[in-house]
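Heads up: the structure comes next, in structure tokens.
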């Protein structure tokens, strides 16, 4: 099979109903679709035999069972000073891309710090020299997140004037911007899509940094050379 066709098929399976019934009115004459597809393998894969059921705490009194992947390795790690949280970097194969996990110190800590997290602070916290290699005991749930967003408010003022065939003074104006994204994380790596219309070393236990993602956390995928954030999201509930 043509690799491009295979990629398109995978994307079609990930992104469904981008334009649901009733989302377009009769006044909309043109639909422009932008597509991103990403599939990355971890630099060091998680071993499936180490994946076990553990509790994920939605808050201090409620938990759900999840399949938790585990790995003990050396990772880029930083205890943040600006906010009560720590951050860890998981490189993909070839190290061009990395996923970063921002884990609050407290079970209910995400809501307390979410307003302080911006693209600029994320890049600053993960910049060269800010993080260091540490031996980490990592627990990370297998998860799949999906979301649809109506960006109509953001689209105000956007227009596509001067398109071939459009009468003078009658440019096309963006009326609806619908965005849907899906990201799935497994032992092998990460598979994600987005579309917009419009072995254990013998070391004393205390030497391992504990990074257990068993309560709400943030994640983002970054292109390391350009510091571009490709995907950003939060995992709050299985």
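None of the figures in this text is laboratory data; all of them are computed from the coordinates on show. What you see is a predicted model; the values in this text were computed from it and never measured. For neighbour counting, all protein chains shown are included, and Cβ atoms are generated from backbone atoms with ideal geometry for every residue, glycine included.
A few points about this structure:
- Using every pair of distinct Cα positions in segment 64-132, the Kirkwood expression returns a hydrodynamic radius of 13.4 angstrom.
- By the count of neighbouring beta-carbon atoms within 10 Å, fewest first, 82, 108 end up ordered 82, 108.
- Once the Cβ-Cβ distance of residue 52 and residue 209 is raised to the sixth power relative to R0 = 25 Å, the FRET efficiency obtained is 0.80.
- Sorted by Cβ density within 10 Å, fewest first, the residues 95, 139: 95, 139
- Modelled FRET efficiency - R0 30 Å, residue 41 with residue 61, Cβ distances, 0.05 increments: 0.20
- Computed extension length for residue 128-residue 144: 2.8 nm, one decimal, from 0.36 nm per residue of separation with the Cα-Cα distance subtracted.
- Taking the number of Cβ atoms within 10 Å of each Cβ as an exposure proxy, the fewest-first ranking of 66, 229, 117 is 229, 117, 66.
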